[in-house]
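> Mind looking over this structure? Questions follow.
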Amino acid sequence: MDYLYFPGCTLYTKAKNFDQTARNCSKLLGFELKELSKWTCCGATFPLATDNLMALLPPARILANAREEGNVLTTLCAVCFNVIKRTNRLIQGDGEKRDKINNYIEKNYAGDLRVLHYLEVLKQDIGFSQLKEKVQKPLAGLKTAAYYGCMLLRPFSEMGFDDKERPSLFEEFLEALGAKAVDFPYKIECCGSFQSVGSPEVATECAYKILTSAIKNGAEAVVSTCPMCTFNIDHKQADIRQKYLDFKPVPIFYFTQLLGISMGLDHQTLGFEQNAIDPLPLLREKGFF
Amino acid sequence: MSQSFNETEQAEPTPAQNGFVKRAMVIGGGIAGISASIDLGNAGHEVVLVERLPSIGGRMLQLSETFPTLDCAQCTLTPKTVETGQHPKIRLLTYSEVEEVSGKAGDFLVRIRRKAAYVDWQMCTGCGLCQQKCPSKQPSDFDRGMGLGKAIYTLSPQAVPNKPVIDPARCRYFKEGKCRVCEKLCPVGAIHYEQKDQYVEERVGAIIAAVGFDLMPQERFGEYGYGKVPDVIDGLAFERLNSASGPTTGEIRRPSDGKVPKEVVFIQCTGSRDPERYMPYCSRVCCMYTGKHARLYKHKVHDGQAYIFYMDIRSAGKGYEEFIQQGMEEEGILYLRGRVSRIFRDGEKVVVWGADTLTGKKVEVSADMVVLATALTPQRDSKDLAARLGIVADEHGFFTEVERKLRPVETAVEGIYIAGCAQGPKDIADAVAHANAAASKVQSLFAKH
């Protein structure tokens, strides 16, 4: 089965490594990501104002166009996923808003797309036990921390991604690849998000706590599903080091990069040049390359 | 087994006048049920007291000390349970459950299941040898999973009646077909493994349902670790820790490693007043008992620090506000107004993240133990009992009185009354007053006929 795919802006720029590895792995897993023929920015945050109609238009337009091309839509970026899934849900459930939106964008979209995160595709449609069988190079001995962040999970009632307080889907995925997933209390805490623009010290502090908690619990690498989180916990490690001199850098992966390694992809194709902390020394030490 | 466990003065039913049976049944042997039974017995009416557990006393028997006087719960309760057990007008049917109710005021017929105790209570002398020697040790429900209990047990050394029962789910003989230690040791041959449940019928003129409450299980609270963090306990567990008859003989020692906790966080409103996720109502007793817990903790661990996270402090009751103030001012309990968002284990510590909404700051406490004041709920099967009695229970399962203000113990069914926490959360004083009222309503009903 092929999936309609909404990459989102970041996956075309700062997170090409996320996009490319996902596309390559899909082929190896027997499905294709069919990029939507037309798409725009998702809006980047789900509008929270009562009068949110204007802000709902971009994701609604993406959904309506996607519906003309298929019935299952998948995304990788946790923020896009949050915006698109929630907009879809709103169109499904709120008749008045649905009519207004449809009138404005001149479509007739009913909210009947199935919106899945790539991890959900792997879990629900492929199955982690199947995935495990397809692994060429098990990530044995690699201790990882599955960092969910907020957007995959919250608000719990709308996202329905996994258990609200102690999710385990991401860990199950990593274990299927042969890695060890350590438990750490900060796994669903906020990365600081857009605070990194206005009050960077707030975001740095968030990232510092997340990373030190993961390291303290034995992680050698942290795994992310979100370019926003990755920016804060990977690219901002330089800022953390300026403030906390004893902080040791820790590699951050997109989950698709680890999937790629386990599928036997060559490290040149995994886009590590976009990772702020070079993960290759760790991967070599573990004997994966 | 012979027909009944507790052969207290099997008095003849009070003669029915015009066919109206002036004999009452009380369902539930907690402090409310006991109070109502004693009232009715003293008024000269025969009472059948049905209790699900092997002995009477209810939740109060689990408590260590009670607010606002800090007197020992067992010391105040035991005279009452003994009085109930010895009362010539009260017939105890413990380890029994009401299965079916038919008829009307003055003539109810109640079918009761007497659960197999696997011990002949008439022969048993209550010597306790079987409990001493039973090799099966498992976490005890009465001690909230902290102490070890035997497969043949009474709820407490002062149990009324002081007769043990065997839990087949824990007994080696029932599970593995081997053991029979209690049978071999029993000096009077009272152990009967082949005993079966028995059914008895009782004819009564009025019924008081006083089945009490339960606590919301800790496993429901994901943000507080789903009950998986060993040093996060609930209020009743703290009562057991502080109780001289509890698993630590009254020393405050945390479950994971038995160390004396030096920093304890108490969290009020866990599951209460949270309409979006849990229970919308106020559980009424938590503000007081949490204040009490913190004070009792300070009395035993002088260099310890107690923190209480609260939303509001509801201390409406005689002497209650003074009790809380004393804790704050004289015993140095730190009250933090705000909720706790997460609890997790970090090494030997239990980390608590919360907010202090008065300073607007985030608070992180690296504690040794956390006590959750979990919401009071009805008994899990209260709706079934309500259906059997033909009375109304609300959406949660609390029994509904026929009129909120003026008829607080009557139900829509004549002759059936409610008392205690089965109607809604109450403290002991209120539960007893409610039970006294229910008993007096029964007397008025009987006096009319």
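> Quick check on this structure: which one of B:D427, B:D368, B:D381 is touching an Asp or Glu at 6+ places or on another chain (Cβ under 6 Å) and either of a type outside the set (A, V, I, L, M) or modelled with pLDDT of 95 or more (or both)? Break it down into steps so the answer makes sense when it comes.
Numbers: B:D427 fails: touching an Asp or Glu at 6+ places or on another chain (Cβ under 6 Å); B:D381 fails: touching an Asp or Glu at 6+ places or on another chain (Cβ under 6 Å).
Exactly one of B:D427, B:D368, B:D381 is touching an Asp or Glu at 6+ places or on another chain (Cβ under 6 Å) and either of a type outside the set (A, V, I, L, M) or modelled with pLDDT of 95 or more (or both), namely B:D368.
> So, of the residues in the range A:58-91 that are surrounded by fewer than 18 Cβ atoms within 10 Å (Cβ to Cβ) and not β-branched (V, I, T), which turns out to be nearest to A:S37 (Cα to Cα)? Reasoning before the result, please.
Here is the first cut: in the range A:58-91, the residues surrounded by fewer than 18 Cβ atoms within 10 Å (Cβ to Cβ) are A:68-72, A:89.
Subsequent filtering for residues that are not β-branched (V, I, T) retains A:68-71, A:89.
Numbers: A:E68: 10, A:E69: 9, A:G70: 12, A:N71: 14, A:R89: 23 Å.
Of everything passing the filter in the range A:58-91, A:E69 is nearest to A:S37 (Cα to Cα).
> Suppose we filter A:F194, A:F170 for residues that are aromatic (F, W, Y), more than 14 Å from chain B (Cβ to nearest Cβ) and surrounded by fewer than 19 Cβ atoms within 10 Å (Cβ to Cβ); which single one remains?
None of the other options fit; the residue is A:F194.
> Mind checking which pairs have a first residue in the range A:166-177 that is modelled with pLDDT under 95 and a second that is part of a loop (DSSP other than H, G, I, E, B) and surrounded by fewer than 18 Cβ atoms within 10 Å (Cβ to Cβ), Cβ under 9 Å, 6 or more apart or different chains?
A:R166/A:D183; A:R166/B:Y226; A:R166/B:K228
> Restricting attention to strands (runs of 3 or more DSSP E) lying wholly within the range B:212-287, give those where 2 or more residues are touching a residue at least 60 places away in the same chain (Cβ under 8 Å), surrounded by 19 or more Cβ atoms within 10 Å (Cβ to Cβ) and within 14 Å of another protein chain (Cβ to nearest Cβ).
Per the criteria, no element qualifies.
> Determine whether B:A206 is over 20 Å from the mean Cα position of the chain (by Cα) and either within 14 Å of chain A (Cβ to nearest Cβ) or closer than 30 Å to B:F20 by Cβ (or both).
The answer is yes for B:A206.
> Quickly run through the range B:339-357 and pick out the residues that are more than 12 Å from B:V265 (Cα to Cα) and within 11 Å of another protein chain (Cβ to nearest Cβ).
B:S341, B:R342, B:F344, B:R345, B:D346, B:G347
> Let me ask you something else. Limited to the range A:1-55, what total is found for residues that are outside any helix (DSSP H, G or I), at pLDDT below 95 and over 25 Å from A:G260 (Cβ atoms)?
Qualifying residue count for the region: 11.
> Quick one: B:I428 ticks every box in (1) within 23 Å of B:P280 (Cβ to Cβ); (2) touching a residue at least 24 places away in the same chain (Cβ under 8 Å); (3) crowded, with 21+ Cβ neighbours inside 10 Å except a single one, so which number is it?
Evaluating B:I428 over (1) within 23 Å of B:P280 (Cβ to Cβ); (2) touching a residue at least 24 places away in the same chain (Cβ under 8 Å); (3) crowded, with 21+ Cβ neighbours inside 10 Å leaves (1) as the failure.
> While we're on this one: Tell me, yes or no, whether the range A:92-113 has at least one residue that is under 28 Å from A:L259 (Cα atoms) and either surrounded by fewer than 20 Cβ atoms within 10 Å (Cβ to Cβ) or free of Cβ contacts under 8 Å to residues at least 40 places away in the same chain (or both).
Our first condition is that a residue be under 28 Å from A:L259 (Cα atoms); within the range A:92-113, this holds for A:113.
Filter once more, keeping what is either surrounded by fewer than 20 Cβ atoms within 10 Å (Cβ to Cβ) or free of Cβ contacts under 8 Å to residues at least 40 places away in the same chain (or both): none.
Among the residues of the range A:92-113, not one is under 28 Å from A:L259 (Cα atoms) and either surrounded by fewer than 20 Cβ atoms within 10 Å (Cβ to Cβ) or free of Cβ contacts under 8 Å to residues at least 40 places away in the same chain (or both), which makes the answer no.
> Sort out which residues of the range B:202-211 are in contact with a helix residue (DSSP H, G or I) (Cβ under 7 Å, 6 or more places away or on another chain) and surrounded by fewer than 23 Cβ atoms within 10 Å (Cβ to Cβ), and write them in order of number.
none
> I need the full set of residues from the range A:117-127 which are crowded, with 17+ Cβ neighbours inside 10 Å and out of contact with any Leu (no Cβ under 7 Å at 6 or more places or on another chain), in order please.
Selection gives A:E120, A:V121.
> Checking the structure you have, find out if any residue of the range B:376-386 is aliphatic (A, V, I, L, M) and more than 30 Å from B:V21 (Cβ to Cβ).
Yes - at least one qualifying residue is present in the range B:376-386.
The values are calculated or read from the model by the stated rules, or taken from the named source; none is laboratory data. These figures come from a predicted structure and were not determined experimentally. Cβ coordinates were reconstructed from backbone atoms using ideal geometry, including for glycine residues, and neighbour counts include every protein chain displayed.
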